[in-house]
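The values are calculated or read from the model by the stated rules, or taken from the named source; none is laboratory data. Note that the structure is predicted; figures quoted are calculated from it, not measured. So basically every Cβ, Gly included, is an ideal-geometry build from the backbone, and we count neighbours across all protein chains shown.
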Amino acid sequence: MTPLAAYLLVAALLFAIGLAGALVRRNAILVLIGIELMLNSANLNFIAFWRYGPHPEALTGMMFAIFSIAVAAAEAAVGLGLVIAIYRHAQTTDLDKMNRMKG
Amino acid sequence: MQETISFAPRLAVSPIAEILWLIPAVPIVASGVIALFKRPRRKLAATLSIGSLVVSLLLSLVAFAHAVSGWLYGAAVRETVNFSWLHFGSSSVDLGWVLDPLSAIMLVMVSFVGLLIFIYSTGYMARDENYTRFFCFLSLFAGAMLGVVISNSILLLFMNWELVGLTSYLLIGFWYQKPSAAAAAKKAFLTTRIGDIFFLLGIVWLFAQTGTLLFYNHGLGSMEGWALAGLLSQHAALGLTAAGAIGLLIFAGAAGKSGQLPLHVWLPDAMEGPTPVSALIHAATMVAAGVYLIARVYPLMQAGALTGGTTTALTVVTWVGASTAVFAALIAVAQNDIKRILAYSTISQLGYMMAGLGLGGVAIGMFHLITHAFFKALLFMGAGSVIHGTHEEQDIRRMGGLKSDMPLTFITYAIGMLALCGFPLVFSGFWSKDGILEAAQHWSVAKAPFYMLVFGALLTAFYMTRQVSYVFFGYNRGHKTAHESRAAMTVPLAILAFFSIALGFIGTPAWPWFRAFLEGRDAPFDLHVFSEPGLLALMATSSVVVFLGLGLGWWLYGNETPKPEEPDALEKSVPWIWAVLRDKFYIDELYGVTVIAFYGWWARVADWFDRRVWGGAVAGVVWLFAIWARLNRFLDTTVVDGSFDKGCEELSTGGGLLSSVESGRVQTYLRILALAVVALAAILIWSGRP
């Protein structure tokens with residue numbers, strides 16, 4: 001197994017864990033954490049592909065990952081803000097109970 | 001025979017001719033204003049009507065003075081104002097008015113007599129609840145009649161003519177609650193309509209032949225040489241020229257309006273209207289409109305006559321007029337209703353006028369028209385006064401002895417009666433009737449009209465004496481005491497009585513002012529005409545005839561007037577003649593079994609045809625459409641609606657299914673997203689494989 005494949009496997013595992021968390025947890029904050037996990041698995045992929053790619057001397061992968069982390073931080077802030085707003089409104093963070101926007 | 005009249009052509013029109021249209025317009029506007037009142041205002045309506053007619057009278061007098069002054073300066077006035085009403089193609093419908101001696105005299109007569117009758121109406125109708133409506137109609141009538149008089153276009157004349165007929169209908173049926181009045185109004189309208197259809201045909205024919213509707217238009221009108229020559233060269237059926245045939249058609253219209261045989265039946269029934277209406281419309285003015293019409297189209301009637309000769313149209317006019325004169329006078333002998341006697345007398349006198357036109361020309365017929373208008377209006381208003389004074393009694397057998405109860409009415413009525421009889425020398429009727437008799441004596445075609453008219457004069461004197469004896473002499477056979485009428489009624493009577501005498505002196509043979517004025521000639525005062533052979537003899541004859549009639553009447557009725565239940569003096573001696581006369585020669589019955597029965601039968605045929613044939617056809621079409629509609633409904637409900645409903649149902653189900661996906665649970669969405677990504681990845685992997 002090449003090191004790249006091993007990284008990718010770890011990243012895929014991390015993504016699967018994140019997805020499972022986002023899909024099955026009831027708590028909105030834990031769903032948000034699941035999403036962070038999936039994002040970070042993508043960051044891991046960026047770094048791995050950069051390190052074992054054709055131009056490891058250019059810092060493109062690192063830059064991408066740093067951007068992504070910055071965007072993820074912003075996203076987490078917005079997400080948490082939304083969760084707090086919803087909590088204030090509905091006195092719960094249980095996503096199953098927040099189904100008023102159905103067709 | 002009448003000489004050809006030479007009228008000086010005048011292109012410049014005087015101011016009075018320019019505003020001549022105001023004379024009819026003012027009363028018509030007054031009538032419109034009265035009609036627009038929200039609530040009946042009696043005083044205001046009467047004031048407006050009378051005021052408007054005063055304006056018309058003043059304008060008429062100015063017009064008359066203008067015509068007289070023009071004549072005194074040697075040229076007969078004939079001023080026309082014409083304008084185009086409509087254009088179609090190369091021809092146009094022209095309207096206009098004319099100021100000439102004929103229209104000027106008629107204007108003064110109509111507005112003056114009309115004014116007196118308006119004033120009289122304020123007294124006569126004082127207690128009528130529809131006083132305002134009465135004056136509205138009366139004003140409209142006066143305006144329309146004045147419109148007939150000034151018209152220079154045969155179409156404008158016809159419009160006013162019909163308007164006059166309409167107001168006549170409205171006023172005869174004024175007391176429409178009475179079935180007899182409503183029926184009389186209908187009868188008058190329909191009978192005159194028969195004449196008017198012929199009149200309209202004549203108008204259309206005249207327009208088609210001459211291309212103009214105007215009477216006078218500086219040589220281009222239909223009554224002027226060029227058009228008449230064209231009409232004479234055209235030949236219609238039965239050896240008539242177009243001029244003669246059109247003349248006869250127009251005469252049919254005039255006969256309808258003027259109650260000539262055989263269209264006289266409406267006029268006696270028209271007495272159902274209020275008495276002022278009888279005086280104004282059915283004695284003085286409207287019925288004279290037919291005579292005036294013939295006078296207006298006289299150049300057409302006379303066209304083609306050689307000097308001293310006559311034309312077919314004028315011969316027909318003469319015979320119809322003379323027959324009517326005698327026929328109606330005979331019926332008048334045996335009537336008992338005070339107004340009906342006067343109605344038949346009017347028909348008879350209209351016959352005289354027509355005969356006068358046919359025999360001697362415009363001036364002779366028109367002179368009788370003018371004098372008759374005054375004394376017949378006087379008689380009718382006197383009769384109205386009598387009816388009023390005796391509490392709505394119209395049967396002369398229930399009157400009597402009124403000469404002491406109603407002295408003013410008696411004196412004026414006697415003057416009118418003597419004028420109508422043609423009492424020698426003093427009264428106007430003598431001179432105007434003598435003019436007609438003189439013309440009849442010299443008629444080249446036949447002598448019979450002369451004898452007929454003389455006999456008619458005898459009858460006139462007779463029936464009027466009978467009436468006056470019944471009404472004013474003897475003792476009161478009614479149930480109530482009579483009273484004299486108020487001043488609003490007696491003053492007009494006195495004025496009319498004055499003119500019934502005075503008017504005679506403008507038309508005596510010694511000073512034929514009237515005739516000269518109409519014909520645009522000098523009027524010499526010359527007593528020597530009486531020395532002409534024949535004239536004095538004629539005057540003597542007619543005087544003798546009048547005295548004979550008066551004496552006969554007085555002998556039969558003067559001394560002892562019979563009681564209402566007793567038969568008439570004449571009935572005792574010759575009952576069968578009396579019965580025929582009393583029942584008006586059974587003319588109404590004759591029309592009942594011929595014309596009216598035919599129309600009834602024809603109406604039934606048409607009704608049957610309508611119901612069975614046309615009704616059946618329509619029902620068939622309806623049935624077809626109903627079937628078609630049923631088919632359409634079936635298609636619509638099952639095919640169109642059904643398929644549409646089905647489609648809607650499917651859409652709704654699909655929508656329901658899709659809406660279940662939108663559960664509102666954010667994780668379900670994420671799940672779908674994840675599955676979609678997995679599916680996408682699977683497709684990519686699968687399709688990327690070689």
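Tabulated data
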{"read-out": "Among residues of the range A:1-17, those that are farther than 13 Å from A:TRP50 by Cβ and of a type in the set (Phe, Trp, Tyr), counted", "value": "1"}
{"read-out": "Odd one out for B:GLY70, checked against (1) crowded, with 18+ Cβ neighbours inside 10 Å; (2) free of Cβ contacts under 8 Å to residues at least 24 places away in the same chain; (3) in a strand (DSSP E or B)", "value": "(3)"}
{"read-out": "Matching helices (runs of 4 or more DSSP H) fully within the range B:400-496 where at least 3 residues are over 27 Å from B:ALA325 (Cβ atoms)", "value": "B:402-405, B:407-421"}
{"read-out": "Residue match in the range B:611-626 (condition: within 60 Å of the chain's Cα centre (by Cα), outside any helix (DSSP H, G or I) and away from chain A (no Cβ under 14 Å))", "value": "no"}
{"read-out": "Helices (runs of 4 or more DSSP H) contained entirely in the range B:287-378, each with at least 3 residues that are of a type outside the set (Asp, Glu), surrounded by 23 or more Cβ atoms within 10 Å (Cβ to Cβ) and within 21 Å of the chain's Cα centre (by Cα)", "value": "B:312-333, B:338-360"}
{"read-out": "Checklist (1) assigned to a helix (DSSP H, G or I); (2) at pLDDT below 90; (3) not aromatic (Phe, Trp, Tyr) applied to B:LEU684, failing item", "value": "(2)"}
{"read-out": "Of the criteria (1) exposed (fewer than 15 other Cβ atoms within 10 Å of the Cβ); (2) in contact with a Lys or Arg (Cβ under 8 Å, 6 or more places away or on another chain); (3) in contact (Cβ under 8 Å) with a residue 24 or more places away in the chain, which one A:ALA90 fails", "value": "(3)"}
{"read-out": "Qualifying residue in the range B:444-452 (condition: closer than 19 Å to B:ILE364 by Cα and of a type in the set (Val, Ile, Thr))", "value": "yes"}
{"read-out": "Yes/no for A:LEU4 being more than 14 Å from chain B (Cβ to nearest Cβ), touching a Phe, Trp or Tyr at 6+ places or on another chain (Cβ under 9 Å) and assigned to a helix (DSSP H, G or I)", "value": "yes"}
{"read-out": "Exclusive hit being within 30 Å of A:MET98 (Cβ to Cβ) and of a type outside the set (Phe, Trp, Tyr), set B:LEU624, B:LEU673, B:LEU635", "value": "B:LEU673"}
{"read-out": "B:ILE197 vs. criteria over 20 Å from B:SER31 (Cα atoms) and either surrounded by 21 or more Cβ atoms within 10 Å (Cβ to Cβ) or β-branched (Val, Ile, Thr) (or both)", "value": "yes"}
{"read-out": "Any hit, the range A:48-66, residues being within 14 Å of chain B (Cβ to nearest Cβ) and either assigned to a helix (DSSP H, G or I) or touching a Phe, Trp or Tyr at 6+ places or on another chain (Cβ under 7 Å) (or both)", "value": "no"}
{"read-out": "Qualifying residue in the range B:76-83 (condition: under 27 Å from B:GLY361 (Cβ atoms), surrounded by 20 or more Cβ atoms within 10 Å (Cβ to Cβ) and charged (D, E, K, R))", "value": "yes"}
{"read-out": "Restricting the range A:67-103 to residues that are more than 11 Å from chain B (Cβ to nearest Cβ) and in a loop (DSSP other than H, G, I, E, B), the residue that is farthest from B:ARG665 (Cα to Cα)", "value": "A:GLN91"}
